[in-house]
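Student: One structure coming up, written as structure tokens, with questions to follow.
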Amino acid sequence: MGITKIIPDTITSMNLACGVLGVIFTLNGRPDTGFLFMLGAAVADFFDGFAARLLHAYSELGKQLDSLCDLVSFGVLPALMLFQVSRDAAFGMPWYVWLPLIFAIATAFRLAKFNIDTRQHLSFIGLPCPAAAMICGSFAYLVTVAPDSFAGCLLGLGWFVPVLAAVLSFLMVSEVPMFAMKFGGDHSDAAATVDGFKRIAFFSITAIAVVVVAILGLSWATVIFASFLSYILINLAFLLVRK
């Protein structure tokens, strides 16, 4: 086996390494640091696919390895982050602080479904787990480093974190069509046009969020939270319009 064949799998393994380190820091009361490792996992998750395409090094092993790593970095880690911040905000260990752990289960189903679903080459059916994880991770980061922010207020409601985990879990295993960030492919003209509008809306909202955050001096994680929340809302809005 040539070295070019193992480069993508090596990058994928860095995804897992970041996920495991994120779990360790989160369980030690540092979900903010855990989120930084989640971002590192996301970078590795992007570049392993990029490397596989560039080097023509696709393999069934790489596909399965990618899903296993994603389960840790974008399933177990965000579930534990939500559990940790919910537990820290509650008095004692009420039953509802355990509910965010369903996020990890939903992620496993999402990844298994993705691996056998032939409809998801150019777009997604259901919320991609990295997008859902970014919402969880950025929220946990914000309530840790900026407890007086809007995220801290939402955490204080008690029910917000379990509801957030439940909604994201449902969306991951749902049949809601979601656009992919990549351009091109074998889309029909109509589908490509719709996805193009979705991408324009997403990147426009992200740009506005960057400006607002910079002007108001908010945490950079607010941009990530707002961007991926808008990703969900844009897809749901287009789904309702089509109906």
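Student: Could you list, in sequence order, the residues of segment 189-226 that are small (Gly, Ala, Ser) and in contact (Cβ under 8 Å) with a residue 40 or more places away in the chain?
Tutor: The answer is ALA191, SER219, ALA221.
Student: Could you check segment 227-237 and list, in sequence order, the residues that are surrounded by fewer than 19 Cβ atoms within 10 Å (Cβ to Cβ) and either touching a residue at least 40 places away in the same chain (Cβ under 8 Å) or among the β-branched types (Val, Ile, Thr) (or both)?
Tutor: Scanning segment 227-237 gives LEU229, ILE232, LEU236.
Student: May I ask you to list the residues in segment 197-218 that are under 24 Å from ASP148 (Cβ atoms) and touching a helix residue (DSSP H, G or I) at 6+ places or on another chain (Cβ under 6 Å)?
Tutor: Residues satisfying the conditions are ALA209, VAL210, VAL213.
Student: Another question, if that's okay. Just checking: which of the helices (runs of 4 or more DSSP H) contained wholly in segment 113-185 hold 3 or more residues that are of a type in the set (Asp, Glu) and either in contact with a Gly (Cβ under 7 Å, 6 or more places away or on another chain) or modelled with pLDDT of 90 or more (or both)?
Tutor: Those helices (runs of 4 or more DSSP H) do not exist here; none qualify.
Student: Let me ask something else. Is there a residue being among the aromatic types (Phe, Trp, Tyr) and under 23 Å from CYS18 (Cβ atoms) anywhere in segment 86-97?
Tutor: Scanning segment 86-97, I find no residue that is among the aromatic types (Phe, Trp, Tyr) and under 23 Å from CYS18 (Cβ atoms), so the answer is no.
Student: Can you tell which of ALA132, ALA90 is touching a helix residue (DSSP H, G or I) at 6+ places or on another chain (Cβ under 7 Å), under 23 Å from ILE24 (Cα atoms) and open to solvent by less than 10 Å² (accessible area, probe 1.4 Å)?
Tutor: ALA132
Student: If ARG87 satisfies all but one of (1) touching a residue at least 24 places away in the same chain (Cβ under 8 Å); (2) closer than 18 Å to ILE102 by Cα; (3) not aromatic (Phe, Trp, Tyr), what's the number of the condition it fails?
Tutor: Status for ARG87: all satisfied but (1).
Student: Another one. Could you please give the count of residues in segment 93-129 that are open to solvent by 60 Å² or more (accessible area, probe 1.4 Å), free of Cβ contacts under 8 Å to residues at least 12 places away in the same chain and out of contact with any strand residue (DSSP E or B) (no Cβ under 9 Å at 6 or more places or on another chain)?
Tutor: 4
The values are calculated or read from the model by the stated rules, or taken from the named source; none is laboratory data. All of these numbers come straight from a predicted model, not from anything done at the bench. FYI the Cβ positions are ideal-geometry reconstructions off the backbone, even for glycines, and counts take in every protein chain you see. Heads up: the accessible areas ignore ligands, DNA and RNA and are worked out on the full protein's heavy atoms, side chains in. Shrake-Rupley method; radii C 1.70, N 1.55, O 1.52, S 1.80 Å.
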